[in-house]
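Before any comments, here is the structure.
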Amino acid sequence: MFLTITTTGTPERPATDLGFLLHKHPEKAQTFSTSYGTAHVLYPEADAERCTAALLLEVDAVALVRRGKGKGRGGAPDAALAQYVNDRPYAASSLLAVALSAVFSSAMKGVCNARPELPAEPRPLRIEVPALPARGGPALVRKLFEPLGWTVTAEPVPLDTEFPQWGDSRYVRLELESADRTLAEALRHLYVLLPVLDDAKHYWVSSDEVDKLLRAGEGWLPGHPEQKLITSRYLSRRWSLTRQATERLELVRLAEADDSAVEEIDNAVEAETETEERPTPLAVQRREAITAALKASGAARVLDLGCGQGQLVQALLKDPAFTEIVGLDVSMRALTIASRRLKLDRMGERQAARVKLLQGSLAYTDNRLKGYDAAVLSEVIEHLDLPRLPALEYAVFGAARPRTVLVTTPNVEYNVRWESLPAGHVRHGDHRFEWTRAEFRAWAEAVAERHGYGAEFVPVGPDDPEVGPPTQMAVFTLTTPKEAKAA
Ligand code: SAH
């Protein structure tokens, strides 16, 4: 993915001022590493008359190869680009926007310490993006940029120049021109509109996304005729607005419980690791049992549904057998802690390409969860009200349908063995129910039957002869892969 920014100048107002505006010196190429890949800034041309800066984003090559069809067709830059066009349908213009804001953050804000007057002065600008993923095609590209005063050239890119009969790809070659524009404005247009056109899924997105949109859209978004489309796409490529509203309501319900859950889990883990004599904490035993079951299933791409603070995601990342790990949770707070725990922003490219955190609710079917080898629901089902369990069941077993599903939940019979637990009390304030072994087995077997899975049961923790283990785990394996059953 790349884009170029060109300006022209005169001896009094040289084009090379672009270097000041971008805070990047025209004479040296620079490299920046972002969590999504490596960004390069270089100047193919730089003199008083004309100056062009190029921003080039290299998205993780390992992911590219893993996606399968990435056979290079030679070393020319165009061949590399063609590979993106053909093999990376989700490619990277939203990532390019992220890189843009990271690499040119001062320029985007219109700040230039060396030449404070410069950012406010409009100048001729030409922006070129040779392959821009654009859902809605050239027509939408024009609708988005023309009201902002750009002269727009948007041409569809053919899927393959050797086979014109294949038709056009979802990419356009974009050229924007304006005789008098500030660079800050131009960058803010791109920052918002590239992802809007891409309309693709994204990696972890922080919760202040609405703020970011409003900040970048200041001065132009409020009056834009396509404001509605821009706003809804900008946000909905992460999660739909309606769902966000629904989930926020759910969040309110979870907020208090979630706070205590977070601390309880943390304390349990830390307290137990302090003294070596103490037995392995149950949470650790659970993760070990889950990891072993995943390995036995041969899963490489794994969902951790209701991932909480991401401890399992973190454990799975240590094993290269797991090539892709997606953590999903309804709680933004839990996800924020998870992303900090995983140090997502400081992760190397290869690691970062293996992990994704998503906000979402298991009470709704979610297309993002399709196509994985395995899904884990570790201590999650008991957090849902019983009447919502069928919705979760359908979302996981009916819609996402991974080959293997692991579900763990407390065994209520074991509660008599917890010294600290007053008899008859559930273990956690937000547990909506806790099941006996028979109850869990009955539920799991019915689910398996309804959706074409087989179910096996594995004890986790000390298997007490009388009351069974503290945690019970069901291992579901798909037996009738093609059958799409209704709820
Ligand atoms: N899996 C983790 C966390 C369990 S706590 C572990 O084993 O330690 C339960 C988690 O489920 C919480 O993080 C909570 O936010 C999440 N959760 C509850 N209801 C949910 C829903 N409807 N959709 C997605 N996640 C949900």
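The values are calculated or read from the model by the stated rules, or taken from the named source; none is laboratory data. Bear in mind the structure is a predicted one, so any value in this text is a computation, not a measurement. As a convention, Cβ positions derive from the backbone with ideal geometry for all residues, glycine included, and neighbour counts pool all protein chains shown. Side chains included, ligands, DNA and RNA excluded: accessible areas come from the protein's heavy atoms. Shrake-Rupley method; radii C 1.70, N 1.55, O 1.52, S 1.80 Å.
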Exercise. Are there any helices (runs of 4 or more DSSP H) wholly within the stretch 135-227 with 1 or more residues that are at pLDDT below 75 and open to solvent by 70 Å² or more (accessible area, probe 1.4 Å), and if so which?
Worked result: 209-216
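Which is out of contact with any Asp or Glu (no Cβ under 9 Å at 6 or more places or on another chain), modelled with pLDDT of 90 or more and open to solvent by 70 Å² or more (accessible area, probe 1.4 Å), of PRO459, PRO465?
Result: PRO465 is the single residue among PRO459, PRO465 that is out of contact with any Asp or Glu (no Cβ under 9 Å at 6 or more places or on another chain), modelled with pLDDT of 90 or more and open to solvent by 70 Å² or more (accessible area, probe 1.4 Å).
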For this session: Go through the stretch 300-331 and give me each residue that's within 12 Å of the ligand (Cβ to nearest atom), assigned to a loop (DSSP other than H, G, I, E, B) and in contact with a Lys or Arg (Cβ under 7 Å, 6 or more places away or on another chain).
Result: GLN309, GLY310
Seminar exercise, completed: Expected single match for in the same structural domain as VAL129 (by TED's automatic domain parsing), hydrophobic (A, V, I, L, M, F, W, C) and open to solvent by less than 40 Å² (accessible area, probe 1.4 Å) among ALA54, ALA46 is ALA54
Seminar exercise, completed: The number of residues in the stretch 1-31 that are surrounded by 15 or more Cβ atoms within 10 Å (Cβ to Cβ) and assigned to a strand (DSSP E or B) is 7
Exercise. In the stretch 283-306, how many residues are crowded, with 21+ Cβ neighbours inside 10 Å and under 22 Å from the mean Cα position of the chain (by Cα)?
Worked result: 6
Problem set entry | Pair list, Cβ under 7 Å, 6 or more apart: the stretch 102-130 residue of a type in the set (Phe, Trp, Tyr), other residue part of a strand (DSSP E or B) | none
For this session: State all residues of the stretch 363-372 that are open to solvent by 20 Å² or more (accessible area, probe 1.4 Å), of a type outside the set (Val, Ile, Thr), within 15 Å of the ligand (Cβ to nearest atom) and not in a helix (DSSP H, G or I); if no residue qualifies, say none.
Result: TYR364
Exercise. Listed residues ALA375, ALA334, ALA338, ALA395; which is within 14 Å of the ligand (Cβ to nearest atom), within 22 Å of the chain's Cα centre (by Cα) and not in a helix (DSSP H, G or I)?
Worked result: ALA375
For this session: With respect to PRO130, determine if the residue is open to solvent by 20 Å² or more (accessible area, probe 1.4 Å), modelled with pLDDT under 90 and assigned by TED's automatic domain parsing to the domain that holds GLY19.
Result: yes
Seminar exercise, completed: Filtering the stretch 341-362 down to residues that are more than 10 Å from the ligand (Cβ to nearest atom) and over 13 Å from the mean Cα position of the chain (by Cα) yields ARG341, LEU342, LYS343, ARG346, MET347, GLY348, GLU349, ARG350, GLN351
